[in-house]
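J.: Take this structure first; my questions come after.
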Amino acid sequence: MSGYLTALVDPAMPFVRNALVAGLLSAVLFGTLGAVVTVKRIAGLAGAISHAVLGGIGMALYLSAKGIVPNLPPIAGAMVFAVISAAIIGFVSLKAKQREDTVINALWAIGMSVGVLFIAKTPGYADPMSYLFGNILLVSGRDLVLLAILDAIVVFLAWRYYPQIEASAFDEEFAKVRGVPTDAIFLATLAVTAVAVVLLQTFVGIVMVIAMLTLPSGTAGYAARNLAAMMVGGTVLSAVFTVGGLAASWALDMPAGAVVVVIAGAAFLSVSAAVGLRSGKTRTAKPLGKKKA
Amino acid sequence: MGIQEVAIRFDDVSFAYGDLPVLDSASFHIHAGEFAALVGPNGAGKTTVLKLLLGLARPRTGRVTVLGRPPEEARSSIGYVPQHASYDPAFPISVTEVVRMGRLRGSSGRYGPNDAEAVRRALSMADVAGLADRAYSALSGGQRRRVLVARALAAEPELLVLDEPTANMDAESESRLFETLGGIKGSATILIVTHDTGFVTALTDAVFCVGERGSGRGVVRHKAAPVDHIASELYGGPALQVLHDTELPDDACRGCGKAGS
């Protein structure tokens, strides 16, 4: 731990500080957006978007290496694939629910396959591992600015449209009757998730980003009294998992993203088990009966 | 709003899901202030009628008016209690927050002091004020249903629509629900939808049955008569028997013609 703290203040190692700032900025997205993804039960949709992103990354690497589009950054290809995936998933979810699962799984698999094929045909060496599992030490100053901007947008949207988000997630039909544009909220959530996935994949990778969008908020959900508390709790837990994971990965010389996800997963499973055991004991001790209002 | 005003009017409304016809030239109306029951077996088309009057579906032919307006424009004056057979027990939300959703107005703004006062009144009217701070997931099925009634009342509706409100409800909750509805009757139009085609609560002024009618599927007004062999706790009080062998014309109600709106 002291080694990590020393590295944090070492002027020769700005990437360590960048990683910490990126982790804390990511925590806001993991907590706020993750709570919405969790209560709306669209983690599967977010997973499909995040995995389809590899297709865009592979395509950008290929086009750049071949000189077809010189200096095309992978993040540009990722963004294109993420937005297209979100649009297709949104359309299918709203208009053709009976095919939803098939289309989502197809996008998931095709996106990754296209990425692998492009990377295989890219001249020179392109390591897919850093995209799949993340490399937070590669976070640039531009990435931090983009993350901060997205944080501000997501927090503003969550604050401004909190009643509408809460109602459409809790009871979509009722929200529609009250005039809430539930389809627009759903599509906006997918679009923001798509952009967030692209920015967050640098941190934990496209394979594990969905874990961080669900585990901290899911853990916070056990203690939260409402969606807002779940967002705040998820953000705080994400920050704790991130800082703890970065320090542990530094000390153990392990990939930071994987360590962070393992810590978040262990916390979620531990809390789930504790809650399960407690509710089991309660049922044994006090058989359920009718309660009068 | 006078007694002759019409709250809900279906004029020759037809609707189909693809090639599957659900309603065929259905015409009926419900007066403002009435307590009406829409009955019919499962799959008869009750939910379709609800979707049409809530503006969640559009008729293929014919016209639906609610409170004198197209349904989409009348939504802010409608209190809706969905059947809500399923909910997410992991959704963190309190009873007060659920009821506050009844104050939503599209995408506009956040909740204010007036909303808090309306929520307090609605909780009291639905007899769930004592549950205000409880987690929604910690309630019994009957308590949750009454909370959803409070949510609908928070809108201070001119029209209250309840879809199968007594499904899976214990006798005590059912009794309290009808007590609440009895208190509201007259100040708002109430439409209760139920698959129980045999009997309705004695609060009912008009009974409509959805289902097969000759070559098509329509909505027919029936008479209902008091019965004394039904246990009072089943309908929260005295019950009326629906007389399915009576078919009343749409303008059969007292002092009413089609121009009554």
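J.: Determine, for segment A:2-283, the count of lysine pairs separated by eight or more sequence positions (or lying on different chains) whose alpha-carbon distance falls under 21 Å. Could the numbers behind the result be given before it?
T.: On the way: A:Lys40/A:Lys95; A:Lys40/A:Lys97; A:Lys40/A:Lys176; A:Lys66/A:Lys121; A:Lys95/A:Lys176; A:Lys97/A:Lys176.
So the count of such lysine pairs works out to 6.
J.: Cα axis of helix B:141-153 to longest principal axis of chain B: angle in degrees, 0 to 90, nearest 10?
T.: Tilt of helix B:141-153: around 80 degrees.
J.: To the nearest 10 degrees, how steeply does helix A:74-95 sit against the main Cα axis of chain A, on a 0 to 90 scale?
T.: 30 degrees
J.: How many percent of DSSP beta bridges within the protein assembly as shown run antiparallel, rounded to 5?
T.: 60 percent
J.: Follow-up question, since we're still on this one. So which residue, out of B:Tyr87, B:Tyr111, B:Tyr136, gets the largest mean-square fluctuation from a GNM of chain B using Cα contacts under 10 Å as springs?
T.: Sorting by GNM fluctuation, first place goes to B:Tyr87.
J.: Could I ask something else about it? Roughly how big is the protein assembly as shown's charge dipole about its Cα centre, with Cβ charges of +1 (Lys, Arg) and -1 (Asp, Glu), in debye to the nearest 20?
T.: Its charge dipole is roughly 720 debye.
J.: On to the next question. Tally up the carbon and sulfur contribution to the accessible surface of the protein assembly as shown as a whole percent, 1.4 Å probe, everything protein left in place.
T.: 61 percent
J.: Please determine, in degrees from 0 to 90 and to the nearest 10, the orientation of helix B:171-184 with respect to the longest principal axis defined by the Cα atoms of chain B, where the helix direction is its Cα long axis.
T.: Tilt relative to chain B: about 80 degrees.
J.: What are the residues whose amide H is under 5 Å from the amide H of B:Ala57, where those residues sit 5 or more places off or on another chain and H is modelled from the backbone?
T.: Residues meeting the amide H criterion: B:Leu52.
J.: Right, here's the next one. I'd like to check one number: the per residue accessible area of segment A:2-283, probe 1.4 Å, reported in Å² as a whole number.
T.: Ligands and nucleic acids excluded, the result is 43 Å² per residue.
J.: Per residue, what accessible area does chain B have, given a 1.4 Å probe and all protein chains present, in Å²?
T.: 41 Å²
J.: Separate question: Just to check I understand the Karplus step: with θ = phi - 60° and J = 6.51 cos²θ - 1.76 cosθ + 1.60, what whole-Hz values come out for segment A:216-225, glycine and proline as x?
T.: x, 5, x, 5, 5, x, 5, 9, 6, 8
J.: I'd like the residues of segment A:174-189 whose 1.4 Å-probe accessible area shrinks by no less than 50 Å² going from the isolated chain to the full set of protein chains.
T.: Buried by the other chains: A:Phe174, A:Val177, A:Arg178.
J.: Please report the buried accessible area for the interface of A with B, total over both chains, probe 1.4 Å, in Å² to the nearest 100. If you can, show how the numbers build up before the last one.
T.: Numbers: alone 15080 and 12360 Å², together 24200 Å².
Looking at A and B, the buried total is near 3200 Å².
J.: Could you state the number of Å between the C-alpha centres of segment A:40-92 and segment B:80-143?
T.: Cα centroid to Cα centroid, the span is 40 Å.
J.: Then there is this: Quick one: dipole size for chain B, taken about the Cα centre, charges +1 on Lys/Arg Cβ and -1 on Asp/Glu Cβ, in debye to the nearest 20.
T.: Using Cβ point charges on Lys, Arg, Asp and Glu, chain B gives about 720 debye.
J.: Would you mind giving the mean number of other chain beta-carbons within 10 Å of the Cβ of each residue in B:137-147, as a whole number?
T.: What the average comes to for B:137-147 is 2.
J.: Dipole magnitude of segment A:2-283 about its Cα centre, charges +1 at Lys/Arg Cβ and -1 at Asp/Glu Cβ only, in debye to the nearest 20?
T.: 460 debye
J.: Also, I was wondering about something else. For B:Val81, which sequence-distant residues (separation of 5 or more, or a different chain) have an amide H within less than 5 Å of its own amide H, given hydrogens modelled in the peptide plane?
T.: B:Val161, B:Leu162, B:Asp163
J.: Residues with amide H under 5 Å of B:Phe199's amide H, sequence separation 5 or more or different chain, H placed in the peptide plane at 1.01 Å from N; which?
T.: Residues meeting the amide H criterion: B:Val242.
J.: If you build a Gaussian network model of chain B, linking Cα atoms that sit under 10 Å apart, which residue out of B:Ile93, B:Ile30, B:Ile184 swings the most?
T.: B:Ile93
J.: Between segment A:174-232 and segment B:57-73, how far is it from one alpha carbon centroid to the other, in angstrom?
T.: 35 Å
J.: Next question. How large is the helix-only mean residue ellipticity at 222 nm for the protein assembly as shown, computed as the sum of -39500 (n - 2.57) over DSSP H runs with n ≥ 4, divided by its residue count, in deg cm²/dmol to the nearest 500?
T.: So the calculated ellipticity at 222 nm is -17500 deg cm²/dmol.
The values are calculated or read from the model by the stated rules, or taken from the named source; none is laboratory data. A quick note: this is a predicted structure, and the numbers were derived from the prediction, not measured. Using ideal geometry, Cβ is built from the backbone for each residue, glycine included, and neighbour counts are taken over all protein chains shown. Heads up: the accessible areas ignore ligands, DNA and RNA and are worked out on the full protein's heavy atoms, side chains in. Shrake-Rupley method; radii C 1.70, N 1.55, O 1.52, S 1.80 Å.
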